[in-house]
Every structure is written in C-alpha cells, then in structure tokens.
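The values are calculated or read from the model by the stated rules, or taken from the named source; none is laboratory data. Remember, predicted model here, so these are calculated numbers, not experimental data. A quick note on method: Cβ atoms are made from the backbone with ideal geometry, for glycine too, and the neighbour counts reach across all protein chains shown. To get the accessible areas, we keep the full protein, side chains included, count just its heavy atoms, and leave off ligands, DNA and RNA. Shrake-Rupley method; radii C 1.70, N 1.55, O 1.52, S 1.80 Å.
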Amino acid sequence: MTFFLQFIKKYPFSLVCIVLIWILSLTPFFPETPFDNIKLIDKWVHFIMYGGTCSVIWIEYMHNHRRYDYEKLFFWAWLAPVIMSGLLELMQEYCTATREGSWLDLAANTIGATLGAIVGLLILRFYPRR
C-alpha cells in the first residue's frame, strides 16, 4: 500500500493525465464543438494527449530521481503509454457499443508518445542534475 501512496505522491500529474485518457477514450458520447470541422481533429487530439502525457511522465521522473534509469524511462514513459493506447483501442472496438478502435488512432498515439519522449530527452539533456 505504501508503494502506491508513494507513486501517487511522486507522479500526481502523470496519473491525472492517464486517468483522463482512460475516461475520454471510453466515454460513449462527445458533444459537438466548433473544432469538429478541422480535418483529422480526432488524430490531433490523440497526438496531443499522448505527447503531453509522456512529457509529463518524463518531467516528473526527472524531478523525483537523482540518477536516471533510461530503461525505466523507456518502458514507463514511452512503451507503457503505447501499450495502454493499444489496449484502449482494442477495448473501444470489442468492449463498447458506441466507440470504434482505429489503427490511425493508435498511430497518432504512438507518434505523440514518441514526440513526448523526444521532448523528455531534450529536457533531460539540458536539465541540470541535482
């Protein structure tokens, strides 16, 4: 139990982002917005959600650790969100009646996560170690 409390304490913004992605990905209906007319707006939203989430994970990791474990960063800040994205797309396809899984959504999520990892690497490059 203390592990989970420490995790919540160290990564609150990352957890909020992840929970929001799960809620938004499995919510059955969305209201119409003025942005609906933008071409591929859905893919841009996916790209921004996963890019932002991965960037937040990197930043919180760097803030909470003196030494960086690049394997953990690769797994938790890039691979885990990509796997989560695939699971959510499968759940949308097979576990909901109102949502559809999409390979293009998965691609947008992966590109967003990759960009988030690149941003994390750039921050890591210029972030002074304590």
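Observations on the structure shown:
- Summed over segment 72-85, the residues that are surrounded by 15 or more Cβ atoms within 10 Å (Cβ to Cβ) and either at pLDDT 95 or above or of a type in the set (Phe, Trp, Tyr) (or both) give a count of 7.
- For segment 104-120, taking the residues that are out of contact with any Phe, Trp or Tyr (no Cβ under 8 Å at 6 or more places or on another chain) and either over 13 Å from Asp42 (Cβ atoms) or aliphatic (A, V, I, L, M) (or both), the one that is surrounded by the most Cβ atoms within 10 Å (Cβ to Cβ) is identified as Leu106.
- Close contacts from segment 88-110, counting a first residue that is farther than 16 Å from Met49 by Cα and in contact (Cβ under 8 Å) with a residue 60 or more places away in the chain and a second that is open to solvent by 90 Å² or more (accessible area, probe 1.4 Å) and aliphatic (A, V, I, L, M), with Cβ to Cβ under 9 Å and a gap of 6+ residues or different chains, come to none at all.
- Residue check: Met84 meets all listed conditions (1) farther than 19 Å from Leu115 by Cβ; (2) within 16 Å of the chain's Cα centre (by Cα) but one, namely (1).
- Residues of segment 19-62 that are touching a residue at least 12 places away in the same chain (Cβ under 8 Å), acidic (Asp, Glu) and open to solvent by 60 Å² or more (accessible area, probe 1.4 Å): Asp42 alone.
- Taken together, the criteria place Gly112 among residues that are small (Gly, Ala, Ser) and under 10 Å from the mean Cα position of the chain (by Cα).
- Of the residues Arg66, Arg125, the single one that is touching a Lys or Arg at 6+ places or on another chain (Cβ under 7 Å) and of a type in the set (D, E, K, R) is Arg66.
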